[in-house]
Amino acid sequence: MFPLHDPLDELVRAELAAYDDLTAALLARRGVVTKEDAEKFLNPSYDLHLHDPLLMTDMPRAARRFADAIISGEKIAVWSDYDCDGIPGGVLMHDFLKKAGANFENYIPHRHDEGYGMNVAGIEKLAKGGAKLVVTVDSGITDVEPIKRANELGMEIIVTDHHLPGETLPPAYAILNPNARPVRDKTSLMSGPSKTGISNGETYPFKSLCGSGVAWKLICATLAVAPELRTRIPEGWEKWLLDMVGLATVADMVPLVGENRLLATYGLLVMRKSPRIGLQKLLRGMRVEQRAITEDDIGFMIAPRVNAASRMGEARDAFRLFTTDDENEADLLAKKLEAANRQRKAAAGAITRAVHSRLKERGEVRSIIALGDPEWRPALLGLVANTIADEYERPVFLWGREGNLSLKGSFRSGGFTQTMELLRTTENTFAQFGGHAAAGGFTAIDTEVFFLEDRLVEAHARLLEGKTIEDSLAMRADAVVTPEEINMSFLRSVEKLAPFGIQNSKPVFLLRDVALREISRFGKAQEHLKLKIDVNEGNGSIDAVTFFVKGAVARATENLSTGSRVNLLAHLERDTFSRGSPVRLRLLDIRVV
């Protein structure tokens, strides 16, 4: 039987008395246990709930320097990452600097040739082009040597990032990062020609902004400290940049709580009205209605195509798509990203088949799957790891060789909730790693990579300590519902908690002892499953679908037939491909009664 969450505490229920039982329970499970927090969560306000960007450590210093460079015409370079956080961040910086009449250029490192973060060769190229101030987006916090080199060349660096810093912060002019912990090696901060104003500890009240979110905060602060820029940029114009902030916030899988919830909510509102011709062309090609964009459209449709640009070719194609005003160029670039995404799927499919072949040769599948090949492209391995983890229902670690010869990889949890602890307790194996419980990346030590699976299996066994793998993967339902209760009104009440994402996952519903009216497969290879569930004793039905059937669901469907009675776990969603967008179930698990 599928387990349910524990009942709501009586004191918390009394505090949330203004809400129905389900809404109150969902709020409490997200840590929202007061009337004030509930109001803020359900009704995020741009005017009331945004934090002052000048609260961020080093922000007044960075904003003043940025404003002075804009006003004086000093050459500015924006160095952004190549993923669906760095690209939107580079776009919003481009739009702001263009609107402000600045002298600037955008630099995006090549994923395979240069790798993540800043590099000395790129810095030297920017210096040769006359850049005096470099503003990073979604990178820079660990780039000590490139920033030292920039200082030697007479450039100053403003780092905007959200990744965790290393033992030593780089000698930047200013560091904007809500995750910057206290400085440990202060002497390193004085190695450049300019001293940093970094303090010991971060003062910003929200720690989980994505890279684009931090960059947007710099723009807001710059307009605050330099009101003279308002002669070029109308009051409130910066809100139009929230389409890119919202895109990045959802795509980068940062927690969708606190200020991120507000940025994602308003970001989606702006995306639905955005005049960006490139975004419109991209959506049209995917048959996504702009005025109804959801977080799922970003996660499953838009972000993969933006990321495909760097994985299969040039990240700048995605950047140009969102910055161009030319309809013909936008059409060409949208089609180019679509083609890159198809190539990405094909390349990932080839690696997936190779993984399946290796696992078949082994016979026994261990509690952790860890495989690699120097020929595998690291940029594709997260996609493959996700497929394998879903199929085998266990953590998967895959590695390949990057252009700079380092062994990089991705992991997916397969539902295991202690993935980060697993990485931390696997000794002498990783040069570095990062991410969250569901997904992340790592760099393996060359000499240790061949022991990777053995060490992960050992660490996994220590973490379980008597628990079964099934215990660690157990999914709890938020509520029991009947097919008759599932209607548009019920869905709208659930959608009040959207946008959903990390730390605000979609509610899970349990339907008990329901009858199957129809069972069918669809898709080119019949890889998707559709069930029709009886409603009102057979007088109606509701659809339940799952895509790329695998794992527990695939095993369960082997025993299904018309008339079977089942228990099932599912999310609720709108079927946007059917007339009227009716409610349907997104199937998560199923058991025959």
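For the chain, find the longest principal axis of its Cα atoms and tell me its angle to the long axis of helix 59-72, 0 to 90°, nearest 10.
60
Using a/c under 1.5 as the rounded threshold, could you call the stretch 48-190 rounded, prolate or oblate? The axes a ≥ b ≥ c are square roots of the C-alpha gyration tensor eigenvalues, and prolate needs a/b larger than b/c, oblate otherwise.
In terms of gyration-tensor shape, rounded.
Arranged from highest to lowest average of other beta-carbon atoms within 10 Å per residue, in what order do the peptides 2-14, 505-517 appear?
505-517, 2-14
Amide H of ALA370: which non-local residues (sequence gap of 5 or more, or other chain) have their own amide H closer than 5 Å, using H built in the peptide plane?
Answer set, sorted by chain and number: PHE397.
What list do you get for HIS94, HIS162, HIS51 if you sort them by fewest beta carbons within 10 Å? Walk me through the intermediate numbers first.
Values: HIS94 21, HIS162 24, HIS51 16.
Ascending number of Cβ neighbours within 10 Å: HIS51, HIS94, HIS162.
Please give the Cα centre distance for the stretch 50-85 versus the stretch 142-174, rounded to the nearest Å.
One Cα centre to the other: 14 Å.
Set Lys and Arg Cβ to +1 and Asp and Glu Cβ to -1, take the dipole of the stretch 1-115 about its Cα centre, and tell me which of SER72, HIS49, VAL91 lies farthest positive.
So the residue furthest toward the plus end is SER72.
Nearest 20 debye, what's the magnitude of the dipole of the chain about its Cα centre given +1 on Lys and Arg Cβ and -1 on Asp and Glu Cβ?
Using only the charged Cβ atoms, the result is roughly 1100 debye.
Work through the residues other than ARG311 whose Cβ is under 11 Å from its Cβ and net out their charges, Lys, Arg +1 and Asp, Glu -1.
My count for the surroundings of ARG311 gives +3.
So I have (i) 102, 54, 54; (ii) 87, 63, 39; (iii) 75, 55, 54, and one of them is Cα extents along the principal axes in Å calculated from this model. Which one is it?
(iii)
Which order results if TRP376, TRP240, TRP216 are arranged by neighbouring Cβ count within 10 Å, fewest first?
TRP240, TRP376, TRP216
If you fit an axis through the alpha-carbon atoms of helix 327-362 and take the longest principal axis of the Cα set of the chain, what angle between them do you get, 0 to 90°, nearest 10?
60
Pull up the DSSP beta bridges for the chain and report the antiparallel fraction as a percent, rounded to 5.
Just about 65 percent of them are antiparallel.
Near the amide H of TRP79, under 5 Å away, which other amide H atoms are found, from residues 5 or more places off or on another chain, if H is placed in the peptide plane?
TYR107, VAL135, THR136, VAL137
Mind checking the dipole of the stretch 312-413: about its Cα centre, +1 per Lys or Arg Cβ, -1 per Asp or Glu Cβ, Debye to the nearest 20?
The calculated dipole for the stretch 312-413 is roughly 580 debye.
For the stretch 276-347, what is the charge dipole size about the Cα centre, in debye to the nearest 20, if Lys and Arg each add +1 at the Cβ and Asp and Glu each add -1 at the Cβ? All intermediate terms of the calculation are to be shown ahead of the outcome.
Numbers: 14 positive and 12 negative charges, 64 e Å.
Charge dipole, the stretch 276-347, about its Cα centre: 300 debye, nearest 20.
Roughly how many whole Å is it from the C-alpha centroid of the stretch 324-403 to that of the stretch 535-593?
Distance between centres, Cα-based: 28 Å.
Pick out, from VAL545, MET312, MET59, the residue whose Cα sits farthest towards the positive end of the charge dipole of the chain, with +1 on the Cβ of Lys and Arg and -1 on the Cβ of Asp and Glu.
So the residue furthest toward the plus end is MET312.
Against the longest principal axis of the chain, how steep is helix 277-286, in degrees 0 to 90 to the nearest 10, with axes from Cα atoms?
20
In terms of the Cα gyration tensor, with a ≥ b ≥ c the square roots of its eigenvalues, is the stretch 285-393 rounded because a/c is under 1.5, prolate because a/b exceeds b/c, or oblate?
In terms of gyration-tensor shape, prolate.
Please give the peptides 448-459, 247-258 ranked by average Cβ packing (other Cβ atoms within 10 Å per residue), highest first, as a rough proxy for protection.
247-258, 448-459
Can you give the calculated 222 nm mean residue ellipticity of the chain, where each DSSP H run of n ≥ 4 adds -39,500 (n - 2.57) and the sum is split over every residue, rounded to the nearest 500 deg cm²/dmol?
-12000 deg cm²/dmol
Taking the dipole about the Cα centre of the chain, with the C-beta of Lys and Arg at +1 and of Asp and Glu at -1, give me whichever of LEU26, ASN151, LEU16 is farthest to the positive side.
The one lying farthest along the dipole's positive direction is ASN151.
Between rounded, prolate and oblate, where does the stretch 276-347 land on the alpha carbon gyration tensor, with a ≥ b ≥ c its root eigenvalues, rounded for a/c under 1.5, else prolate if a/b exceeds b/c?
Oblate shape, in that a/c is at least 1.5 and b/c is the bigger or equal ratio.
Values quoted throughout were computed directly from the atomic coordinates according to the rules given, and no laboratory measurement underlies them. Everything numeric here is computed off the predicted structure, so don't read it as measured data. Methodologically, a virtual Cβ is constructed for each residue, glycine included, from the backbone with ideal geometry; neighbour enumeration extends over all protein chains shown.
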